[in-house]
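Quick notes on the structure that follows.
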Amino acid sequence: MNLLEQFRYVHTFIFDVDGVLTDSSLLILESGKLLRRMNTRDGFAMKQALRAGLRISIITGGNSAGVIDRLRALGIRDIYAGVEDKVEAYEELLHTYDLHESGICYMGDDLPDYEVMQRVGVPACPADAAPEIKAISSYISPWRGGEGCVRDVIEKVLKLRGQWVPHLIPPYLPQPPADKKEEGE
């Protein structure tokens with residue numbers, strides 16, 4: 001099966017945070033708090049995927065309240081934070097939702113993601129992932145972590161399903177004006 005066909009059958013996305021949803025950088029404040037930067041276009045795409053009925057889960061070793069709040073605000077409910085064993089969290093997701101591994105796209109960037117990525121149907125990574133992760137990825141996004149790689153994979157799946165914008169333009173976005181009849185018609 002070619003890569004586009006694999007993307008067509010994705011029903012679940014699982015994303016790591018640091019290095020995928022962020023650029024791997026940490027800004028350390030004098031207070032000791034850590035700040036991360038996330039891409040709003042990735043967030044938009046995740047909301048579109050959820051609206052289209054796809055499942056999105058997060059499995060991360062980090063445990064930032066701010067990151068968790070941001071992900072929950074996007075509508076993501078399955079967030080495994082502070083995880084030391086990503087395989088254990090992954091197996092819990094499989095069991096909870098009776099998921100088929102062939103329809104899962106997992107995007108990771110570093111060695112803690114390696115074992116789970118070997119099990120899913122579409123292992124993917126950002127352009128700046130560790131060499132070991134690139135070696136096992138079916139798809140390497142041209143976008144770096146925190147710079148649109150998440151939107152890249154979601155957009156591919158939704159386009160293949162005919163569910164990418166403008167089909168899912170949310171009601172809060174301005175709608176294009178309706179065609180007006182010319183006078184005298």
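The values are calculated or read from the model by the stated rules, or taken from the named source; none is laboratory data. Only a predicted model underlies this, so the values are computations on that prediction, with no experimental measurement involved. Because the Cβ atoms are built from the backbone with ideal geometry, glycine has one as well, and the counts that use them run over all protein chains shown.
Mind checking which residues of the stretch 7-23 are of a type outside the set (Phe, Trp, Tyr) and not in a loop (DSSP other than H, G, I, E, B)? If you could, list the steps in order and put the result at the bottom.
The initial filter retains those residues of the stretch 7-23 that are of a type outside the set (Phe, Trp, Tyr), namely 8, 10-12, 14, 16-23.
Correct list: Arg8, Thr12, Ile14, Val17, Asp18, Gly19, Val20, Leu21, Thr22.
When the residues of the stretch 68-107 are narrowed to those that are aliphatic (A, V, I, L, M) and either in contact with a Gly (Cβ under 7 Å, 6 or more places away or on another chain) or without any contact (Cβ under 8 Å) to a residue 12 or more places away in the chain (or both), which ends up surrounded by the most Cβ atoms within 10 Å (Cβ to Cβ)? Step through it out loud before you land on a result.
Filtering the stretch 68-107 for residues aliphatic (A, V, I, L, M) gives 68, 71, 73-74, 76, 79, 81, 83, 87, 89, 93-94, 99, 104, 107.
Narrowing the set further to residues that are either in contact with a Gly (Cβ under 7 Å, 6 or more places away or on another chain) or without any contact (Cβ under 8 Å) to a residue 12 or more places away in the chain (or both) leaves 73-74, 81, 83, 94, 104.
Numbers: Ala73: 10, Leu74: 17, Ala81: 17, Val83: 19, Leu94: 15, Ile104: 24.
Filtering the stretch 68-107 for residues that are aliphatic (A, V, I, L, M) and either in contact with a Gly (Cβ under 7 Å, 6 or more places away or on another chain) or without any contact (Cβ under 8 Å) to a residue 12 or more places away in the chain (or both), the one surrounded by the most Cβ atoms within 10 Å (Cβ to Cβ) comes out as Ile104.
Filtering the stretch 77-112 down to residues that are assigned to a loop (DSSP other than H, G, I, E, B) and touching a helix residue (DSSP H, G or I) at 6+ places or on another chain (Cβ under 7 Å), which residue is nearest to Asp23 (Cα to Cα)?
My answer is Asp109.
Conditions first: (1) part of a loop (DSSP other than H, G, I, E, B); (2) at pLDDT 95 or above. Pro176 passes all but one, so which condition is the exception?
(2)
For the stretch 111-139, enumerate the residues that are of a type outside the set (Gly, Ala, Ser), in contact with a Pro (Cβ under 8 Å, 6 or more places away or on another chain) and surrounded by fewer than 19 Cβ atoms within 10 Å (Cβ to Cβ).
Across the stretch 111-139, the qualifying residues are Ile136, Tyr139.
Cβ-Cβ below 7 Å, separation at least six or inter-chain, first residue in the stretch 108-134 and on the phi < 0 side of the Ramachandran plot and charged (D, E, K, R), second part of a helix (DSSP H, G or I) and surrounded by fewer than 18 Cβ atoms within 10 Å (Cβ to Cβ): which pairs?
Going by the 7 Å Cβ cut-off, the qualifying pairs are Glu115/Val87; Arg119/Glu101; Glu132/Leu111; Glu132/Tyr114.
Hey, among Glu84, Glu92, Glu30, which residue is of a type in the set (Asp, Glu) and either modelled with pLDDT of 95 or more or at positive phi (or both)?
Glu92
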